Amino acid sequence: MIFIMVWLYSVLFFSRIIHESGFTPEDHKQYRPVVYSNTIQSLVAILRAMPNLGISYGNNEREIDGKMVFDVIQRMEDTEPFSEELLAAMKRLWSDSGVQECFGRSNEYQLNDSAKYFLDDLDRLGAKDYQPTEQDILRTRVKTTGIVEVHFSFKNLNFKLFDVGGQRSERKKWIHCFEDVTAIIFCVAMSEYDQVLHEDETTNRMQESLKLFDSICNNKWFTDTSIILFLNKKDLFEEKIRKSPLTICFPEYAGKFSTFI
C-alpha cells in the first residue's frame, strides 16, 4: 500500500475522476447547494468590499438588488435554488460597472477563486433542471477540516490519498500522523502571490506557503519521504500578473512582468 498526503482537496477529486468511476449521481445532487452557496457568497463578498474600497454602484438602482442578495444570506437560504427574481438581481449586479471594478481589485479582500467562473454562468446555474458538472464540482470551495481519505488502484498498486487541512488551525491535527507516508504532494496556488490569509490578513498566502513548505521539508517525520511540489492555478496567475505586480510578494524581484506572459 502506498500512502500519499496531499494539500489540495481538488487533487482528491481528480483522483476520483481518473482512477475511480468519477462522481455518482448522488454526488452531483449533493454539490448542487454547494454551487449555489459558493456563487451567492462570492457575490456578497464583492458587495461587502465595495464600501471599504470606496466603490459605488454604476447604477444606483443596484442598491435594491444588493439588499435582496443580502436578505438571502441573512435568512440562511444561500444553498437554495435561485428564484427568478433573485437570479435577475444577481445578473444585474454582476453586470454593474461598480461591481466589476471591485471584482478587479479582489486581491484586496477575500474572494473565492471560482467567483468569476460561477457568476459568468448564472443562467445555467439558475435553470430549474440544473445539475452540477464535474467542472462545477471541481470549482467548488469546501473548507477541509480534519483528514479526508480516498483509495484507488493503479498498475496493480493500491494507493491511499489523504487530504489535510491547510489552515493554521488544522495543521496540529496531522503534522505528526504521517511518519510512514510514502510521498507528500504539496500544492501551492500560483495566483495567491498577491493575497492574504483568511485567518490572518497581515500574512501573504504565498509567503505562508513557503514557510510551511520549508517546515515540511525539514521536519523529522518526513526525512525519508518523497516530496512533490505541485503548482496550480496557472490560468489565474497569467491573468493577475498583467495587473498585479509580483513585487507584492517578492519585493526583491527586479525582472520584467512580461517574462511570465
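Bear in mind these aren't lab numbers, they're just calculated from the coordinates by the rules spelled out. Note that this is a predicted model, so its numbers are computed, not measured. Cβ placement follows ideal geometry from the backbone for every residue including glycine, while neighbour counts extend to all protein chains displayed.
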query = Which ordering of ASP27, ASP96, ASP78, ASP71 is given by a fewest-first count of other beta-carbon atoms within 10 Å?
reply = ASP71, ASP27, ASP78, ASP96
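State, to one decimal in nm², a quarter of the convex hull surface area for the C-alpha atoms of the range 43-159, i.e. the direction-averaged projected area.
Values: hull surface 40.2 nm².
The number I arrive at for the range 43-159 is 10.1 nm².
Fewest Cβ neighbours within 10 Å first, please rank ILE227, ILE46 accordingly. Display every interim value, and only then the final one.
Working: ILE227 13, ILE46 26.
Least to most surrounded, the residues fall as ILE227, ILE46.
With a cap of 14 neighbouring Cβ atoms within 10 Å, and only residues DSSP puts in a loop, list the trypsin sites (Lys or Arg not before Pro) found in the range 60-143. The partial results should precede the final answer.
On the way: sites: ARG62, LYS67, ARG75, LYS91, ARG92, ARG105, LYS116, ARG124, LYS128, ARG139, ARG141, LYS143; in loops: ARG75, ARG105, LYS128, ARG141, LYS143.
Sites meeting the loop and neighbour criteria: ARG75, LYS128, LYS143.
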